[in-house]
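S.K.: One structure coming up, written as structure tokens, with questions to follow.
The values are calculated or read from the model by the stated rules, or taken from the named source; none is laboratory data. Predicted model only: the values in this text are computed from it and were never measured. As a convention, Cβ positions derive from the backbone with ideal geometry for all residues, glycine included, and neighbour counts pool all protein chains shown. These accessible areas exclude ligands, DNA and RNA; they are computed on the full protein's heavy atoms, side chains included. Shrake-Rupley method; radii C 1.70, N 1.55, O 1.52, S 1.80 Å.
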2 protein chains.
Amino acid sequence: MAVGLKQPGKLLPVLGVRLSATHSGIKSNLDITDLVLVEISDSANLSATFTTNKFCAAPVTVAKEHLAKQTSIRYLLINSGNANAGTGEQGYVDAIACCQAVAERAPSLSVDKVLPFSTGVIAAKLPADQICKSIPRLFDSLDEDKWLEAAQGIMTTDTFPKAISEQVVVSGETVTITGITKGSGMIKPDMATMLAYVATDAKIEKSLLDALIKKAVACSFNSITVDGDTSTNDACILIATGQANVEINSESSHFIEALIRVFKYLAQSIIRDAEGATKFVEIEVKNALTIDDAKEVGYTVAHSPLVKTALFASDANWGRILAAVGRAKIEALDVSCVDLYLGGTCLVKKGIPDGEYREALGQLEMSKEEIKITVDLNQGQCNASIWTSDLSYDYVKINAEYRS
Amino acid sequence: MAVGLKQPGKLLPVLGVRLSATHSGIKSNLDITDLVLVEISDSANLSATFTTNKFCAAPVTVAKEHLAKQTSIRYLLINSGNANAGTGEQGYVDAIACCQAVAERAPSLSVDKVLPFSTGVIAAKLPADQICKSIPRLFDSLDEDKWLEAAQGIMTTDTFPKAISEQVVVSGETVTITGITKGSGMIKPDMATMLAYVATDAKIEKSLLDALIKKAVACSFNSITVDGDTSTNDACILIATGQANVEINSESSHFIEALIRVFKYLAQSIIRDAEGATKFVEIEVKNALTIDDAKEVGYTVAHSPLVKTALFASDANWGRILAAVGRAKIEALDVSCVDLYLGGTCLVKKGIPDGEYREALGQLEMSKEEIKITVDLNQGQCNASIWTSDLSYDYVKINAEYRS
């Protein structure tokens, strides 16, 4: 039931990145891949953001430890079907064991140059043995043209692989950006989303790369929500291999815009494929005093089960939107300043129903598959958009039957 | 689908309070009452709490204005089926008009001695004419024995009227407490719940009454949630008529305990009758640093759609509970201290899966209709309980079809 989401178009290789995917046996269906290896060239820089959930999964702990020791990461090992979260000391040992299995196959590679990632069921033991046995197969099939296979291998409840490529010309040279992501439930990233990997062949200094991932994540993965549930395993990785012989600086606006486009596309893909989604909804909050205020209002509307069920029903029950705005935890909301729009239709002007509004107009907007709600606070100059999905029978079905 | 909720037992009159209910025409079904009048004796004290939603409904604005002018309130006029919220200036005028119609029927009564309350659909014009025409009928049928009729008259999506009486002996005299409430969706009161009215014939000074309503609401209506959506119309009223000739003071522990029992019973009735509920769930958070921390953790678990769908499915997917605890916005959560119980079964000890735990044990607890989740933070001395419901197909159905 993905909303406006298609199979990815052509995915362009990124010089310095090779990938492979296999079936390791975590998932029962033999036809589905569940283990992905990403090899990164020696010269690459890498920046990462992780979940802020205090119960973070073992692989997140291990990845953070490795990044603290190493600037040069050479391999990412990603499994789907098992989150290795809530697994205690055993989970930590298992994550290390998987990294070790990768390190042993590569010439003189220390274990901390490998980052582990897991996504899937929480609180089940990771089948580390099966994963380790599959590592040789992954090395044998590494290829720079396997981004789609990688995108498929990290899927869980996703119904579509999510991936995109962009090329921009910087200083006369063509630079490629390719990214993949996964996720469709337990989505309210508070740092980065479930799993996302973006690589470019541009050369980008580590400090700038860190700044770019922060900037791009803020307006993409940190601006989406399905259910308000922040995952224990969220991770987002940005890789710059530097092999395109183009150096990016903080003034490279074409490149930075393209990078943000890729991040936004990937983040929005997650919402389009949100569990049970029948609508793709943007909540734009305008003229707030601060960005945090704008995001708080946007998220409060986006998380309201009553707004989400009205969206599912295509019911222009805008009183529920107003009620959600009214309970948002911001300091100084002046209700007599608030304007509310559904698409181009004004519902509320200065806090009271707009005289021109007719139910049929709201109904017309609500019946669309892609809906834009605009809340204008008329207080300041800060804007933010949050992307979300509706709450359908299928959301309940998918999550009630997840383990059965 | 109410969980463990029955028709109210015998409701005892409270000296100094008379009630009546009628069908005024707000609801289309002629057999259903939608308008209630409560008459309070001259000598009574009354305390009130209202929604903190900044888009509060017109009747809330009017009630607050009247309370600011008056200590002696004589009538409560309550309609169901229409919230008179999001109705702008017209809504305010309509609310006043209804109060005026009551004032005109009583000998030399000023309009500000009447408090209006509305509950139902947001953003529809209140049919004030129909309400005003019904006022004489309400006066003609006032009776001290009509608490059940009043409880029925304020219902919206409720499937049961919610009411209870308690008697306690104070200084050798019998004191009666009777209360009614309504609500089953848009429930996450942030001051008081949708609508609740509790009366006692005890004599209680205004300042003590204010303190008692605050204390009782904190551990009852302000500790429940269905969907996290704070209504625009929440109001809770506590009346002490003083006609039992017993004076309550801050040491009257029997009476205060009975009062809190009434508040808790009424608040929990709302959860038992929550929209689409198949489970009644208590989330007890123990040994937090502050009460606010305990409530934040409890509400984060209670609002998690993933926890709620697992509860609906009777699936002991406790990883979702842990993930919700981990994203709660409290300063200093130490995950290595957290214990988690389902009923009497320990799932997690000091942040990691308990060695004794078996899936069958968790399953046994989850299959019950009433479920208790205990989160022990082992950090401080503060405890709080939050009561909530599960997220079922019927919740989506009820809220998707609310206006159709």
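S.K.: Give the average, rounded to an integer, of partner chain Cβ atoms located within 10 angstrom of each Cβ in A:379-389.
M.R.: 0
S.K.: Calculate log10 I(q)/I(0) of region A:258-404 for q = 0.19 Å⁻¹, where I(q) comes from the Debye formula with a single equal point scatterer on each Cα and nothing for solvent.
M.R.: These q points yield log10 I(q)/I(0) values of -1.14.
S.K.: Let me confirm one metric for peptide B:301-311, namely the mean number of other chain beta-carbon atoms within 10 Å of its residues' beta-carbons. Present the calculation step by step, with values, prior to reporting the outcome.
M.R.: Numbers: counts 0, 0, 5, 5, 14, 11, 2, 5, 11, 4, 1.
Counting Cβ atoms of other protein chains within 10 Å of each residue's Cβ and averaging gives 5.
S.K.: Right, another one. Using only Cα atoms, tell me the angle between helix B:318-327 and the longest principal axis of chain B; keep it within 0 to 90° and round to the nearest 10.
M.R.: Around 70 degrees separate the two axes.
S.K.: Round to a whole angstrom and tell me the spacing of the C-alpha centers of region B:66-91 and region A:50-83.
M.R.: If you average the Cα positions of each part, the centres end up 56 Å apart.
S.K.: Can you tell me which aspartates and glutamates have their Cα less than 14 Å from the Cα of A:K329? Leave out same-chain residues fewer than eight positions away.
M.R.: In chain and number order, the partners are A:D292, A:D293, A:E296, B:D190, B:D229, B:E296.
S.K.: Which whole number gives the average count of other chain Cβ atoms within 10 Å of the Cβ atoms across peptide B:341-350? Intermediate results must be reported in sequence, preceding the final value.
M.R.: Numbers: counts 0, 0, 0, 0, 0, 0, 2, 4, 1, 1.
Partner Cβ neighbours, averaged per residue: 1.
S.K.: Calculate, for B:R105 and B:A332, the FRET efficiency according to 1/(1 + (r/R0)^6) with r their C-beta to C-beta distance and R0 51 Å; round to the nearest 0.05.
M.R.: So, using R0 = 51 Å, E works out to roughly 0.30.
S.K.: Related question: Measuring nothing but label to label, 7 Å from Cα along Cα→Cβ, what are A:E89's distances to the other copies in nm, shortest first?
M.R.: Label-point distances to the other copies, shortest first: 7.2 nm.
S.K.: What is the interface area between chains B and A, defined as buried accessible area summed over both chains with a 1.4 Å probe, reported in Å² to the nearest 100?
M.R.: 4500 Å²
S.K.: Right, here's the next one. Note the per residue figure in Å³ for the convex hull of the C-alpha positions in the protein assembly as shown. The partial results should precede the final answer.
M.R.: On the way: hull volume 122.8 nm³, N = 808.
Expressed per residue, the convex hull around the Cα atoms of the protein assembly as shown is 152 Å³.
S.K.: Under the 0.36 nm per residue contour assumption, what length would be gained going from the current alpha-carbon distance of A:Q70 and A:S207 to full extension?
M.R.: Fully extending the segment from A:Q70 to A:S207 adds 47.9 nm.
S.K.: With angles folded into 0 to 90 degrees, how steeply does helix A:253-272 sit against the dominant principal axis of chain A? Use alpha carbons for both and round to 10.
M.R.: Long axis of A:253-272 versus the principal axis of chain A: about 80 degrees.
S.K.: Tilt of helix A:88-105 relative to the longest C-alpha principal axis of chain A, in degrees (0 to 90, nearest 10)?
M.R.: For A:88-105 against chain A, the angle is about 50 degrees.
S.K.: Separation of region A:101-166 and region B:215-243 by C-alpha centroid, Å?
M.R.: That distance is 52 Å.
S.K.: For chain A, what number results from the quotient of the Cα radius of gyration and 2.2 N^0.38 Å?
M.R.: 1.01
S.K.: Only sites in a loop by DSSP and with at most 16 other Cβ atoms within 10 Å count here; which GluC sites (Glu not before Pro) in region A:214-283 make the cut? Spell out each step's value before the answer.
M.R.: Values: sites: A:E247, A:E251, A:E257, A:E275, A:E282; in loops: A:E251, A:E275.
Taking region A:214-283 and a limit of 16 other Cβ atoms within 10 Å, the loop GluC sites (Glu not before Pro) found are A:E251.
S.K.: Still on this structure, please answer the following. Calculate the length of the line joining the C-alpha centroid of region A:350-404 to that of region B:364-404, in whole Å.
M.R.: Going from one Cα centre to the other spans 25 Å.
S.K.: Let me ask something else about it. First measure r as the distance between the Cβ atoms of A:E251 and A:R137, then evaluate 1/(1 + (r/R0)^6) with R0 = 45 Å and state the FRET efficiency to the nearest 0.05.
M.R.: Working from the Cβ atoms, E equals 0.50.
S.K.: Here's another thing I want to ask about it. Quick one: how many Å² of B:C132 are accessible to a 1.4 Å probe, rounded to 10?
M.R.: Its heavy atoms expose roughly 40 Å² to the probe.
S.K.: Let me ask something additional. For region B:137-257, state what percent of all Cα-Cα pairs lands in each successive 10 Å bin, counting from 0 Å until the bin that includes the largest distance.
M.R.: Going out from 0 Å in 10 Å bins, region B:137-257 shows 12, 40, 33, 14, 0 percent.
S.K.: Considering the dipole of region B:280-400 built from charges on the beta carbon (Lys and Arg +1, Asp and Glu -1) around the Cα centre, which of B:T290, B:A332, B:G344 is farthest to its positive end?
M.R.: The Cα lying farthest towards the positive end belongs to B:A332.
S.K.: With a Förster radius of 30 Å, plug the Cβ-Cβ distance of B:Q90 and B:D31 into 1/(1 + (r/R0)^6) and report the FRET value to the nearest 0.05.
M.R.: 0.55
S.K.: Shortest first and in nm with one decimal, please list how far the B:D129 label point sits from its counterparts in the other copies (point 7 Å along Cα→Cβ).
M.R.: So the distances to the same position in the other copies read 8.1 nm.
S.K.: Same structure again: A:Y265 accessible area, nearest 10 Å², 1.4 Å probe?
M.R.: 80 Å²
S.K.: Next up: Please build a GNM for chain A, connecting alpha carbons under 10 Å apart, and tell me which residue among A:R320, A:R105, A:R272 fluctuates the most.
M.R.: Looking only at A:R320, A:R105, A:R272, the largest GNM fluctuation is found for A:R105.
S.K.: Need the list of lysines near B:K349 for cross-linking: C-alpha distance under 20 angstrom, and skip anything on the same chain fewer than eight residues off.
M.R.: Hits, sequence-local ones excluded: A:K54, A:K125, B:K286, B:K372.
S.K.: Using a Gaussian network model of chain A with C-alpha springs under 10 Å, which one of A:T290, A:T374, A:T181 is most mobile by mean-square fluctuation?
M.R.: A:T290
S.K.: Using DSSP to call loops (not H, G, I, E or B), can you name the GluC sites (Glu not before Pro) in region A:332-368 whose Cβ has at most 11 other Cβ atoms within 10 angstrom?
M.R.: Of the GluC sites (Glu not before Pro), the ones in loops of region A:332-368 whose Cβ has at most 11 other Cβ atoms within 10 Å are A:E356.
S.K.: Please identify, among B:I32, B:I135, B:I386, the residue showing maximal mean-square fluctuation in a Gaussian network model of chain B using a 10 angstrom Cα cutoff.
M.R.: Comparing B:I32, B:I135, B:I386 in the GNM, the peak value goes to B:I32.
S.K.: Roughly what percent of Cα-Cα pairs across region B:20-75 reach past 18 Å?
M.R.: 53 percent
S.K.: About the Cα centre, and with charges only on the beta carbon of Lys, Arg (+1) and Asp, Glu (-1), how big is the dipole of chain A? Nearest 20 debye, please.
M.R.: Using Cβ point charges on Lys, Arg, Asp and Glu, chain A gives about 360 debye.
S.K.: Sticking with this one: Relative to the Cα centre, what is the charge dipole magnitude of the protein assembly as shown, using +1 at the beta carbon of each Lys and Arg, -1 at the beta carbon of each Asp and Glu, and rounding to the nearest 20 debye? If you can, show how the numbers build up before the last one.
M.R.: Values: 76 positive and 98 negative charges, 37 e Å.
Using Cβ point charges on Lys, Arg, Asp and Glu, the protein assembly as shown gives about 180 debye.
S.K.: Given the whole protein assembly as supplied and a 1.4 Å probe, what does the accessible area of A:K372 come to in Å², nearest 10?
M.R.: Accessible area of A:K372: about 80 Å².
S.K.: Give me the number: length gained by fully extending B:T290 to B:E369, i.e. 0.36 nm times residue separation minus the C-alpha to C-alpha distance, one decimal in nm. It would help to have the intermediate numbers written out before the result.
M.R.: On the way: separation 79, 0.36 × 79 = 28.44 nm, distance 3.02 nm.
Length gained, B:T290 through B:E369: 25.4 nm.
S.K.: Too long at a 25 Å Cα-Cα cut-off: which of A:K308/B:K162; B:K69/B:K264; A:K64/A:K203; B:K279/B:K350?
M.R.: On the way: A:K308/B:K162 28 Å; B:K69/B:K264 31 Å; A:K64/A:K203 23 Å; B:K279/B:K350 28 Å.
Pairs exceeding the cut-off: A:K308/B:K162; B:K69/B:K264; B:K279/B:K350.
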